[in-house]
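Read-outs: derived from the displayed coordinates by stated rules, not from any lab. All of these numbers come straight from a predicted model, not from anything done at the bench. Neighbour counts are summed over all protein chains in view; Cβ atoms, including those assigned to glycine, are modelled from backbone coordinates with ideal geometry.
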């Protein structure tokens, strides 16, 4: 799903990532005990906790020893050059990687108190808790109403009033209600690109997930549609926890509370977004943010 | 660079080449259809009756052919003289050398009859109950008016025979079967009750027969005395006349009336005279019904197969082998499928069903003989590869991101397939169905072994419970063409029927396809910009 970046990633010697055990780690990783400047973030309980996650595609290691926590009702953005594993990590969070053959995952991911890779975990139930919005908007070839109602329908909900109520609430939540309320029966594929993406967000909202995972949700949208989705993210944060993968540094700066920077399958640095962008703790982060590579 | 080389480089030559070939193909198809239309559609137009003098006597008939002089053979003209009961044959070749001047007598008459093909000649007189009523031209005029009444009577007799009598027969047969059961059980009281019922039915039956006999006598009361051009006489009941056409005395408008009435009879009536006359409605109906039953059977069969092959089966050499085998199934000669259908469906499945559920009526088979169900099943086996291939393609072309969207919502794989993938793939599946219909509707060989007959006594769908009679034998346009054209004793007379039946078969296939195409278009619109 990643767009290959033709530019070679420079690997100056001083940028070689030290092993996690080396001295860099304590300063660059958010640890639960680390002092945090934003009191709201400080008080927020942990929503997602990723512990020593390794992921292999066959022999190739795509993620190495990732440790990360995401607080409730915050926005976490994953940044990094193409192929750095940020989308792969995102897809670990609702086990979408299970669909790919030959994937091996080590480590733990906790959603609330559930270890999502525990053998007894129900993948179907997990995915209801972690909604996903994709890079390319992918509404079903059904009506707008049926798109939003889909998640409830597959849960066996067929009560018309419940569905109507949920569709209206979700479309309002996604800021699309005013635009489509008179044509709910029309095909979703007649909507514009930005509307389609917001419809996909509404579809994810309808099942009331705890976490919304967004995989470069604005990469195919024009600036105005992008701005609307960004506004939406800031609003949704009040109710949901959001993890967003983005290529757009400004977007990460605008919407996220925390940022995690990945390079070559490793988490290089994570912290409060304002700190990351004003005072990065690692040379590579600084180089990437300032556009010197990536 | 020379100009030719430049044109080769630009590809212009190949555009012309492929365009020419396309035009050639179109021309072939158009000429095929045009040929069939021209040969078939003219058949119903009443042609002039020509009378000529020959050394052997006068000849009266329609001119149907012409053979130029070749070597020792002189130039000859073919006449359709009719009167098979008098002359023994319908056609006669007359050497044009000794032929006098052709005349077009206004009182010459072509009479379509229920038996022996047409009579061509004149009406000498009309009688009622053996008493002479009128002669000459007056008799013709009166016969024309009486004909409508006679035709009405005939239709009434037919409807009584088919409807009420058939119904009674079925009830009597049912009663006989239940009597057999009761007899085996030894219940005397029930036996008596059944016998009483049977007696009552028999009485109704006898009454019906009496009234039928009366109507028949009434229909036979009026008789025509017909005279051939060479002076032979023939008595013919007016009740057995379908149409009287004084072609030479008719205006084009009247001829058009005859044309339309004949065309309607052809499309909407039952066949007569071992299929060489009358209509082919049962064959049209049988073809359409067989194709519909086949479609109903082949779609689930093909879609489920493709779904498993594509979505569930572990892709490996076994699946590849199965896929190759399925594709090769499309290349198996259809008669092989017919033999399989006869052996497996008719004798195997049908025989077992008979023993389990219809043991009462054995040894008369119910399902253990050819029938529309077995024919449709055989054809659905024949066409299933097309549906499987098309469905696999369609499933593969459903965008991956839609499956992911559904799975990410917490849908199971089955829910994703059922609610997202299959609806998106439906237009592609219908493409497969369209191809299957095109293949299946024209197939004849396997049907001959599994249920098609020359003349089916009853339709596979009618007003008697349970309405669908999938065990019944049926008629089929393709087989009709073969039968009329090549198995009939009078194939020369039936030649135009062959072309008309071919035309109708083409039309049926086109209409069925248009129906499926329309369905696909509607679905695509509903899906909006679907990819397949």
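Go through region B:244-270 residue by residue and tally those that are buried (at least 17 other Cβ atoms within 10 Å of the Cβ), out of contact with any helix residue (DSSP H, G or I) (no Cβ under 7 Å at 6 or more places or on another chain) and closer than 20 Å to residue B:155 by Cβ. Residues meeting the conditions: 2. Tally the residues that are within 9 Å of another protein chain (Cβ to nearest Cβ) and within 20 Å of residue A:210 (Cβ to Cβ), restricting the search to region A:134-180. Summing the residues that are within 9 Å of another protein chain (Cβ to nearest Cβ) and within 20 Å of residue A:210 (Cβ to Cβ) in region A:134-180 gives 5. One residue alone among A:66, A:109, A:123 is within 9 Å of another protein chain (Cβ to nearest Cβ) and in contact with a helix residue (DSSP H, G or I) (Cβ under 7 Å, 6 or more places away or on another chain), and that residue is A:123.
Restrict the check to region B:200-208 and report whether at least one residue is more than 34 Å from the chain's Cα centre (by Cα) and not in a helix (DSSP H, G or I). No; the residues of region B:200-208 include none that is more than 34 Å from the chain's Cα centre (by Cα) and not in a helix (DSSP H, G or I). Only one of the numbered conditions (1) within 30 Å of residue A:157 (Cα to Cα); (2) within 14 Å of another protein chain (Cβ to nearest Cβ); (3) surrounded by 18 or more Cβ atoms within 10 Å (Cβ to Cβ) is violated by residue A:190, and that is (3).
Please work out if residue B:485 is in a helix (DSSP H, G or I), in contact with a helix residue (DSSP H, G or I) (Cβ under 6 Å, 6 or more places away or on another chain) and surrounded by fewer than 23 Cβ atoms within 10 Å (Cβ to Cβ). Full working, then the answer.
On the way: in a helix (DSSP H, G or I): yes; in contact with a helix residue (DSSP H, G or I) (Cβ under 6 Å, 6 or more places away or on another chain): yes; surrounded by fewer than 23 Cβ atoms within 10 Å (Cβ to Cβ): yes.
Against the criterion (in a helix (DSSP H, G or I), in contact with a helix residue (DSSP H, G or I) (Cβ under 6 Å, 6 or more places away or on another chain) and surrounded by fewer than 23 Cβ atoms within 10 Å (Cβ to Cβ)), residue B:485 qualifies.
Here the helices (runs of 4 or more DSSP H) wholly within region A:226-290 that include at least 3 residues being under 14 Å from the mean Cα position of the chain (by Cα) and over 12 Å from residue A:81 (Cα atoms) are A:249-255.
Could you tell me whether residue A:215 is within 19 Å of residue A:90 (Cβ to Cβ) and within 14 Å of chain B (Cβ to nearest Cβ)?
Details: within 19 Å of residue A:90 (Cβ to Cβ): yes; within 14 Å of chain B (Cβ to nearest Cβ): yes.
Yes: the conditions hold for residue A:215.
The condition of being more than 21 Å from residue B:234 (Cβ to Cβ) and crowded, with 16+ Cβ neighbours inside 10 Å holds for only one of B:171, B:113, B:156, B:179, that being B:179. The helices (runs of 4 or more DSSP H) found entirely in region B:1-109 that carry 3 or more residues being within 39 Å of the chain's Cα centre (by Cα) are B:12-41, B:84-87. More than 14 Å from every other protein chain (Cβ to nearest Cβ), in contact with a strand residue (DSSP E or B) (Cβ under 6 Å, 6 or more places away or on another chain) and in a helix (DSSP H, G or I) - does that describe any residue in region B:447-469? No, region B:447-469 contains no residue that is more than 14 Å from every other protein chain (Cβ to nearest Cβ), in contact with a strand residue (DSSP E or B) (Cβ under 6 Å, 6 or more places away or on another chain) and in a helix (DSSP H, G or I). Of the listed requirements (1) within 18 Å of residue A:53 (Cβ to Cβ); (2) in a helix (DSSP H, G or I); (3) more than 9 Å from chain B (Cβ to nearest Cβ), residue A:118 misses just one: (2).
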